[in-house]
Amino acid sequence: GAHSSIIVSARLLDLHVVVVASDETGRLTATALARTLAELEADDRLQQVVAVVAVAGSTNAGLIDDLAGVGQLARRHDIWFHVDAAYGGAFLCVPSVRATFAGIELADSLIIDPHKGLFVPYDCCALLYANPGPVTAAFTQDASYLEQINQSQQCNPMHYAFHLSRRARGVPLWFSLAVYGSGAYRHTLEQILDLSARLRTRIACHPRLTLIPACGLSVILFRREGWQARDYDDWAQRCLRDGIALVVPSSWQGETVMRLCIMNTRLDEQRCEALLADL
Ligand SMILES: Cc1ncc(COP(=O)(O)O)c(C=O)c1O
């Protein structure tokens, strides 16, 4: 379930990616990770493992890996633990699903995209480190014109990633939080989860639709009986053309399915009904 960007990032770093098998629901578990680490150890490659990446809200299915088990295992082996909560992280503020993120606090690094579930404009990604010390050592650049900044004790974002110049991307999030308050975020995200749950129930009861039960958070995967990949594509194009919704077909265990991801409370019950009727 890891996002495609993990593979590309690893490739840029000249690192090899070892994909750990997921469980039957599509989640990364500590048991599977332990098995992979044991295989690497038998191959004398365990010492080469630099990081374990887990996802908290997979793009395709909204699944949250076993963060506690995986994080503990990574810690036991002294391996960096990165959690990709780009999509799912916003839902941390919803009490009803907070427990499913248990273990996220073990992350050495964590990303959350405020431009996804926190309603700020593109592009805003929050990158958080548990212990920034080694990070600044890795990213601080030596240049005569930077010396003064490097010696300053003031926190500077350029010491936490490889790009130096940047816009103040966090300002829209800060401003929105200051204006609306975190309660408004919690309430809105609760509404989104509630709407997703109701839509899941409607799809599960529909005579010609089959819900893929493993999907979570605000992602809904389902198949439409009798449809081939082409039909899913056509429907998605029509929804876009008619301004109903931006939906894209996806796949689940090799089969083409429809994927809905609800990130907008304006997709109310009426619009959901229109979507279902159109199907
Ligand atoms: C889990 C996850 N990680 C990373 C990304 C990449 O985020 P961005 O499109 O902001 O680069 C996405 C995008 O959907 C995602 O869902």
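The values are calculated or read from the model by the stated rules, or taken from the named source; none is laboratory data. Predicted model only: the values in this text are computed from it and were never measured. Cβ: placed from backbone, ideal geometry, glycine included. Neighbour counts: every protein chain shown.
Things worth noting here:
- Among residues that are assigned to a loop (DSSP other than H, G, I, E, B) and β-branched (Val, Ile, Thr), Thr25 is included.
- The sole residue among Phe81, Phe91 that is among the aromatic types (Phe, Trp, Tyr), touching a strand residue (DSSP E or B) at 6+ places or on another chain (Cβ under 8 Å) and under 29 Å from Leu189 (Cβ atoms) is Phe81.
- Members of region 20-50 found to be within 17 Å of the chain's Cα centre (by Cα) and either buried (at least 16 other Cβ atoms within 10 Å of the Cβ) or free of Cβ contacts under 8 Å to residues at least 40 places away in the same chain (or both), listed by number: Ser22, Gly26, Arg27, Leu28, Thr29
- Residues in region 129-171 that are part of a loop (DSSP other than H, G, I, E, B) and surrounded by 12 or more Cβ atoms within 10 Å (Cβ to Cβ): Ala130, Pro132, Thr140, Asn156, Tyr160, Ala161, Leu164, Arg169, Gly170.
- Region 89-128, residues that are surrounded by fewer than 20 Cβ atoms within 10 Å (Cβ to Cβ) and assigned to a strand (DSSP E or B): Ser109, Ile111, Ala126, Leu127, Leu128
- Number of the condition not met by Cys125 [criteria: (1) more than 30 Å from Ala30 (Cβ to Cβ); (2) within 16 Å of the ligand (Cβ to nearest atom)]: (1)
- Odd one out for Pro172, checked against (1) touching a Cys at 6+ places or on another chain (Cβ under 7 Å); (2) under 23 Å from Gly1 (Cβ atoms): (2)
- 2 or more residues of a type in the set (A, V, I, L, M) and either farther than 27 Å from Ser96 by Cα or in contact (Cβ under 8 Å) with a residue 24 or more places away in the chain (or both): qualifying strands (runs of 3 or more DSSP E) within region 192-279: 219-224, 255-261
- Selected residue [modelled with pLDDT of 95 or more and within 13 Å of the ligand (Cβ to nearest atom)] from Pro114, Pro95: Pro114
- Subset of region 30-74 (residues that are β-branched (Val, Ile, Thr) and out of contact with any helix residue (DSSP H, G or I) (no Cβ under 7 Å at 6 or more places or on another chain)): Thr31, Thr36, Val50, Val55, Thr59
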